[in-house]
1. What ranking, highest mean first, results for peptides 126-137, 68-79, 110-121, 85-96 when packing means the other Cβ atoms within 10 Å averaged over each residue?
2. Tell me, what ³J(HN,Hα) does each residue in the stretch 76-81 have, in order and in whole Hz, if you take phi through Karplus 6.51 cos²θ - 1.76 cosθ + 1.60 with θ = phi - 60° and put x for Gly and Pro?
3. Which cross-chain or sequence-distant (5 or more) residues have an amide H under 5 Å from the amide H of Ile137, H modelled 1.01 Å from N in plane?
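Any read-out appearing in this document is the output of simple, stated calculations on the displayed coordinates, not a laboratory observation. A quick note: this is a predicted structure, and the numbers were derived from the prediction, not measured. Cβ atoms come from the backbone with ideal geometry, glycine included; neighbour counts cover every protein chain shown.
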Amino acid sequence: MRITALTIFAIAFGACALQAQMSSGAMPPAPASNPVVAEAKQAYNQIKANFTAMADKMPAADYDFKATPDVRGFGATIAHVADTQMRACAGIMGEQKSVNAAAKTAKADLVAALKESFDECDAAFNATTEANAGEMIAGGRMQRSRLGTLVQMVVVHDNEEYGYLSVYLRLKGIVPPSSDRGGMTGGAGRKQ
């Protein structure tokens, strides 16, 4: 009986306190939000910074460089990332867009296409909230959640391609941005 009386008192006291707080214009604190969307955006911003710096660091003359004859060249991989990102992020926004990066070969054109695709992905990530993250998006032969599409088709895919292209930079004697602790120095930073 004693526990029940204490429980009733606690509930009544809490209700009175809440009533007083609301009548004074103060709102109760908002519940803590789920950090999943924020963490995905953080991962996206990191790979965006690394990929953009990587595209800048590779000299224009080496954009056709291939680590081996049977793989994509550096510029062709930048184009692949730009095209994939634009398709995925525009799709999330309900649009069909292309930067047609695969048809480009010059560094300036490819860097511009990459930037345009990142701009589209910025909009897609900024429009993704806790409320709509689970919204299903049709894509190709399957459906995936909005957040799942952004994570898989942008963050995971870009990290995979970044890993490949890091080898290309190293073969040219350039330290990849994620390893260049001396800053974005075009490879003049610490060698690792």
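1. By packing density, highest mean first, the sequence is 110-121, 85-96, 68-79, 126-137.
2. Working through the residues one at a time gives 5, 6, 4, 4, 4, 5 Hz.
3. Here Arg144, Ser145, Arg146 satisfy the definition.
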